[in-house]
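S.K.: Structure incoming, see below.
The values are calculated or read from the model by the stated rules, or taken from the named source; none is laboratory data. Computed from a predicted structure; not experimentally measured. Quick reminder, even Gly has a Cβ in these numbers, built from the backbone with ideal geometry, and neighbours come from all protein chains shown.
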Amino acid sequence: MRKSVVLITGAGGEIGHALVTGLAASDASIITLDVAPLGAALAPLVRREFTGSITDVSLLERMLAEFEVECVFHLAALLSTRAEFTPVTAHRVNVEGTINLLEFAQRQGESHGRPVVFLYPSSIAAYGIPDLETKTRAGRVAEDAFTHPTTMYGCNKLYCEELGRYYARHYKQLSVDASPHVDFRSVRFPGLISASTVPSGGTSDYAPEMIHAAAKGEAYECFVRPDTTIPFMAMPDASNALRQLAAAPRARLTRTAYNAGGFSRSAEEIREVVLAAFPAATITYKIDRKRQGIVDSWPADVDDSAARADWGFAPAYDFNRAFLEYLIPSIGSSYHRP
Ligand code: SER
């Protein structure tokens, strides 16, 4: 008999850290797939760790043969800044990797006769707002507005949301003996900030980098203007949102992709709260025109009323709580500073 498990791809990444830890604490049986071996903190929490690429179909087939996967959290991706340097590789990983996982989930669902719940973190990068004046005027942007991303990563995320909807609703619609077996659910996350890990290759990274640098006593040059504003979310809220959406009754869900907001603040407001916590820190600005252009195309805030109504999304951390009760105390202790 195959063993029933939850699969997490990209488990060693930022969201993966929080999710593996949270799911393991609730006694879930977890298998993981990541290009790099899991660190010492995560490895003991999982039942089996596969090291390899989501583009390796034979590896996915081996997992399929051995395990009965009830739920997939497909986190593996190349983020927005990194993807602009290697767009074809990003497409391969972000899009081909995702269709491989969707096919995998469909096969799993067919073999155990129930839909596989498939969680997919999408992003505010799925939006593309043409200019700053429109961004200011747009305010809180709803899911179906301004979906014209300017980055390869954003295109990949938006398309994979649609691909997921296809697998969930229309898969092989002309075939008499096929039906969808993937219960696809996606959250469009804002910039995420974790106390225990630093991101790599994202464009919202200036906020987490600023606070981690300050905690380590390193100077930091912020690569966007002081007035740059996008929404951010504390990592525990992101991991909880994925778990909450996974557990929501299917009948309550009116969409396959949901906005989820947190706190919308400017780079300068974040700098000020970091400086108040770490008065010796040096945080200056050195604008990267191209990365600035990407962040300027993302909304200043999102309308997440559908997520709140359909599956009870309610982030615990506003701006003050995120910094004063989560980020600053935890980061301070992880770098052994007061
Ligand atoms: N934080 C991501 C990035 O900057 C967006 O999802 O690429």
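S.K.: Could you list, in sequence order, all residues of region 102-122 that are under 17 Å from Ala246 (Cα atoms) and of a type in the set (Gly, Ala, Ser)?
M.R.: Ala105, Gly109, Ser122
S.K.: Here are some conditions: (1) under 21 Å from Gln244 (Cα atoms); (2) within 16 Å of the ligand (Cβ to nearest atom). Val72 meets all but one. Which one does it not meet?
M.R.: Unmet for Val72, out of (1) under 21 Å from Gln244 (Cα atoms); (2) within 16 Å of the ligand (Cβ to nearest atom): (2).
S.K.: Check Ala207, Ala213, Ala195 and return the single one that is within 10 Å of the ligand (Cβ to nearest atom) and on the phi < 0 side of the Ramachandran plot. Can you show your working first?
M.R.: On the way: Ala213 fails: within 10 Å of the ligand (Cβ to nearest atom); Ala195 fails: within 10 Å of the ligand (Cβ to nearest atom).
On inspection, the qualifying residue turns out to be Ala207.
S.K.: Could you list, in sequence order, the residues of region 19-54 that are over 19 Å from the mean Cα position of the chain (by Cα) and of a type in the set (Ser, Thr, Tyr)?
M.R.: Ser26, Ser29, Thr51
S.K.: Still on this structure, I have one more. Does region 94-108 contain at least one residue that is surrounded by fewer than 23 Cβ atoms within 10 Å (Cβ to Cβ), farther than 19 Å from Tyr167 by Cβ and touching a residue at least 60 places away in the same chain (Cβ under 8 Å)?
M.R.: Scanning region 94-108 turns up no residue that is surrounded by fewer than 23 Cβ atoms within 10 Å (Cβ to Cβ), farther than 19 Å from Tyr167 by Cβ and touching a residue at least 60 places away in the same chain (Cβ under 8 Å).
S.K.: Hey, another quick one. Has region 78-101 got any residue that is assigned to a helix (DSSP H, G or I), under 24 Å from Pro190 (Cα atoms) and in contact with a strand residue (DSSP E or B) (Cβ under 6 Å, 6 or more places away or on another chain)?
M.R.: Yes, region 78-101 contains at least one residue that is assigned to a helix (DSSP H, G or I), under 24 Å from Pro190 (Cα atoms) and in contact with a strand residue (DSSP E or B) (Cβ under 6 Å, 6 or more places away or on another chain).
S.K.: When region 288-338 is examined, which residues are found to be hydroxyl-bearing (Ser, Thr, Tyr) and either touching a helix residue (DSSP H, G or I) at 6+ places or on another chain (Cβ under 7 Å) or more than 26 Å from Gly154 (Cα to Cα) (or both)?
M.R.: Tyr317, Tyr326, Ser330, Ser333, Ser334, Tyr335
S.K.: Looking only at region 148-179, filter to residues that are over 17 Å from Arg114 (Cα atoms), among the polar types (S, T, N, Q) and not in a helix (DSSP H, G or I); which one of those is farthest from the ligand (Cβ to nearest atom)?
M.R.: Ranking the qualifying residues of region 148-179, first place goes to Ser175.
S.K.: Counting residues that are modelled with pLDDT of 95 or more and crowded, with 19+ Cβ neighbours inside 10 Å, which helices (runs of 4 or more DSSP H) fully inside region 258-338 reach at least 1? Before you say what the answer is, go through the steps one by one.
M.R.: Numbers: elements: 267-277, 289-296, 305-311, 328-334.
Result: 267-277, 289-296, 305-311.
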